[in-house]
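Student: Can you read through this structure? Questions will come right after.
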Amino acid sequence: MRPAVSEAAARCGSGAEGSAAPAVETVRLMRRFGPLTAVDDLNLLVPAGAIFGLLGPNGAGKSTTIKMLTTLLAPTSGSARVLGFDVARQSVEVRWRIGYIPQLLSADGSLTGYENLLVFAKLYDIRRAERARRIQEALDFMGLADAADTLVRRYSGGMIRRLEIAQSMLHRPAVLFLDEPTVGLDPVARHTVWTHLRDLRRQFGATILMTTHDMEEADQLCEVVAIMHRGRVVALGSPADLKVTLGGGATLDDVFVHYTGTAFEEGARYQDVARDRRTARRLG
Amino acid sequence: MFVFLRQTLAVAEAEVRKLRHDPMELLTRAIQPLLWLVVFGRVFGRLREIPTGQLSYLDFMAPGILAQSVLFIAIFYGISVIWERDLGILHKFLVSPASRVALVSGKALSAGVRAMSQAMIIYAVAALMKIHLRLSVGAVLGVLASIALGAAIFSTFSLAVACVVKTRERFMGIGQVLTMPLFFASNAIYPLAMMPAWLRGLAAANPLTYQVDALRELMIDGGRSLFGLPLDFAVDAIVLVALIGLGARLYPKIIT
């Protein structure tokens, strides 16, 4: 099992060791799938406490990057560190300290909201007394207290997303990874999710790394964005700076198109499109 | 170690809570084994050609049908794993600090609990059919342990297959191909002594055979285990440990 020291560090929340190291740092990170290079020579630095957006068209390598950073996928070469821990060699250390909300629907529809939270509180080994308190707090915070004992399959898309965020914050992760957090949500639900993410950061000081191809979302939420194209970062900066660089009242949409060109169409694979639509249908 | 156990129990608890929300599923699962007992058992029981020792054919086959019903449920367990993968639920479990062994063991444990409910239904019908059941506490506990072990084995096997094939369509095909050979290459509905040598060889390598052998002694008044209970349980326990090791290795691959 893992050493007692790291257990204590993970339990006390944001992790003292995290303050020195950047939240995420990758060096020449690469991932291949057969002949396809999904992530190519990626160098990324996410400072602690930031809300960082990974932008790019479908197939740009955003989800693959997130999967490597969350230890789901091993890098082909290069390295990635989260809070100073190597994702390949110290994956368990990383897992104790991060939260993850996949693009797909990840709350279990055949359990209630409360049960979804309970199971994850137990997986993260939060002790009984603390567990009850944190679950109640999470339900209140996300406005789900009234729906706690309802089966999640009866939830709306926005409620499910809020539950997933609540689930991912139970163990007070120092870094939260979100893959397309608002895809398929209606405008009201999207804004609610954004508000909750900002509140989370304020309350717990978590670093947030999210992927999106929604420019409004990036503009509203992210302090720094990296635009990815064909597995590489092609632009990096605050949304405002990127717009200024292009000049002439450019929007973030313009910036996106400028750096990724026609990739909107060529990058998307059938599988990605199918997944987006499926997620959208479930949430909508 | 205690963290490992708590995480295993958390995974199992999730599954058991799901069952509580939808208990109908368990009832529908019981229909098939009942048909085997009531129709197949009755008809073949009249044959009196099958050498079942001092047991009647119905007494002989009842443990086999119980084991079979556990097998049939457990072998399709992988479908729910693929379903969870397609939804995205599995991703979050894999990002949690729980070890892969704990995740797989939790699933196996929940399959065991699920299978025990089958036993209750089959016992009720068997009693109505005047099958000679052993009803001592020790015997019943033994039966439950044997069922849980069998369910854990075949559900973990199923999970490992699911991690390799990854889609429901392919899994359904393979599941169908696996169940009948596992069932027929065992002592569930006919004794080993009746089998041609090649089939007896296969049956000896089939964990279901050892489960049925144990059940025959534990469940039926006058039933005898051929290999002895310690060997029956030891073989299946070793198989389970090996399969959990394999499942834990394959589990992370399901999402790639």
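What follows is calculated from the coordinates using simple rules that are stated; it is not laboratory data. Please read all numbers here as calculations on a predicted model, not as lab measurements. Cβ atoms come from the backbone with ideal geometry, glycine included; neighbour counts cover every protein chain shown.
Student: Cα centroids of segment A:239-263 and segment B:114-129: how far apart, whole angstrom?
Tutor: Cα centres, segment A:239-263 to segment B:114-129: 68 Å.
Student: Only loop residues by DSSP count here, and only those with at most 16 other Cβ atoms within 10 Å; note down the trypsin sites (Lys or Arg not before Pro) in segment B:25-65 that meet that. Write out the running numbers ahead of the final one.
Tutor: Values: sites: B:ARG29, B:ARG42, B:ARG46, B:ARG48; in loops: B:ARG46, B:ARG48.
Passing both the DSSP loop test and the Cβ count: B:ARG46, B:ARG48.
Student: Hey, another quick one. Quick one: if you stick a label point 7 Å off each Cα along the C-beta vector at A:ASN43 and A:ARG28, how many nm between them?
Tutor: Spacing of the two 7 Å Cα→Cβ label points: 1.1 nm.
Student: Further question: Points 7 angstrom from Cα along the Cβ direction at B:VAL177 and B:ARG224: gap in nanometres?
Tutor: With each label point 7 Å from Cα toward Cβ, the separation is 4.0 nm.
Student: With a cap of 11 neighbouring Cβ atoms within 10 Å, and only residues DSSP puts in a loop, list the GluC sites (Glu not before Pro) found in segment B:1-68. Provide the component values of the computation, followed by the final result.
Tutor: Numbers: sites: B:GLU13, B:GLU15, B:GLU25, B:GLU49; in loops: B:GLU49.
For GluC sites (Glu not before Pro) across segment B:1-68 that sit outside H, G, I, E and B with at most 11 neighbouring Cβ atoms in 10 Å, the list reads B:GLU49.
Student: Share of antiparallel DSSP beta bridges in the protein assembly as shown, in percent to the nearest 5?
Tutor: Of those bridges, close to 55 percent are antiparallel.
Student: In this model, which of B:LYS107/B:LYS130; A:LYS67/A:LYS122; B:LYS18/B:LYS92 are farther than 25 Å apart at the alpha-carbon? Write down the numbers at each step before the final one.
Tutor: On the way: B:LYS107/B:LYS130 35 Å; A:LYS67/A:LYS122 23 Å; B:LYS18/B:LYS92 18 Å.
Beyond 25 Å between Cα atoms: B:LYS107/B:LYS130.
Student: Quick check: pseudo-label points 7 Å beyond the Cα along Cα→Cβ at B:HIS21 and A:GLN220, how many nm apart are they?
Tutor: 2.9
Student: Between A:GLN90 and A:THR245, what length in nm is gained on full extension when 0.36 nm per residue of separation is reduced by their alpha carbon distance?
Tutor: Going from the current span to full extension adds 51.9 nm.
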